[in-house]
Each structure stands twice: as structure tokens, then as C-alpha cells.
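Every number in this text was worked out from the coordinates using simple rules, so none of it is lab data. Treat the numbers as computed from the prediction; the structure is a model and nothing was measured. Backbone-built Cβ (ideal geometry, glycine too); neighbour counts: all protein chains shown.
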Amino acid sequence: QVQLVESGGDLVQAGGSLRLSCAAGISIFSFTAMGWYRQAPGKQRELVAAITSTGSTNYADPVKGRFTISRDNAKNTMYLQMNSLKPEDTAVYYCNGRLSRVYWGQGTQVTVSS
């Protein structure tokens, strides 16, 4: 069973920063791609950022220039650095990883107060 465990969610004021972590129970070299998604109350889960095994990245338009996705292969961990946070960034953030199927973490809450 592949496990992904998110951490780093918190309550932060608008303009602040957070770094989310996604620790994998296996070598993240195994994943062809990994990503961060978020789901706000009453809304569908949406892609925030993704990174491939070769290091290519893509970002959703609302977070471009503010968020940075990265991975530390030695620590089997993926990160999401979030700067200049806005109240509309409030959501549960999930990480996922793609093998023959997609695996999801349990989520971590990010709340941005105005």
C-alpha cells in the first residue's frame, strides 16, 4: 500500500507563507508525476501544481508566481511553498502521486484569514 502523508497546513494571515510537505512511503522516483490539489468548501477539487519525474512543473493560473512545487528525492518528499497567501487559498490541500494508479494523501487544512 502506497502512503502519502501531508503536513504543514495551518491558520495564517493574508500575505503570509506556508510550506506544505508530502512524505511518501516509497521512493518518489517511482512516481511518474506528483501534484498538489485543493478543495474548498462547496467546491470541486482542483489542481494547484504538478511536477513530473523529470522535474517539469505546471501551475494553476491563480497561484502562478506565488506557489512553488518541488521534490526532494533523497527525503522522498514533495513540497509546496506558498507565499503571498490570500483568503481564497483557504482549502484542504491534498497531494497525489501517479504509479499505475493515482494515490492520494489524507489532506491538510490551510486557512488564510483576511
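For region 1-72, which trypsin sites (Lys or Arg not before Pro) are in a loop by DSSP, counting at most 12 other Cβ atoms within 10 Å?
Values: sites: R19, R38, K43, R45, K64, R66, R71; in loops: K43, R45, K64, R66.
Hits after loop and neighbour filter: K43, K64.
For K64, which lysines qualify as cross-link partners when the Cα separation must be under 18 Å and same-chain residues fewer than eight apart are set aside?
Excluding near neighbours in sequence, the set is K86.
Working out 0.36 nm times the residue gap between R98 and T52, then minus their Cα-Cα distance, what length gain in nm do you get to one decimal?
On the way: separation 46, 0.36 × 46 = 16.56 nm, distance 0.96 nm.
Once the chain is fully extended between R98 and T52, it gains 15.6 nm.
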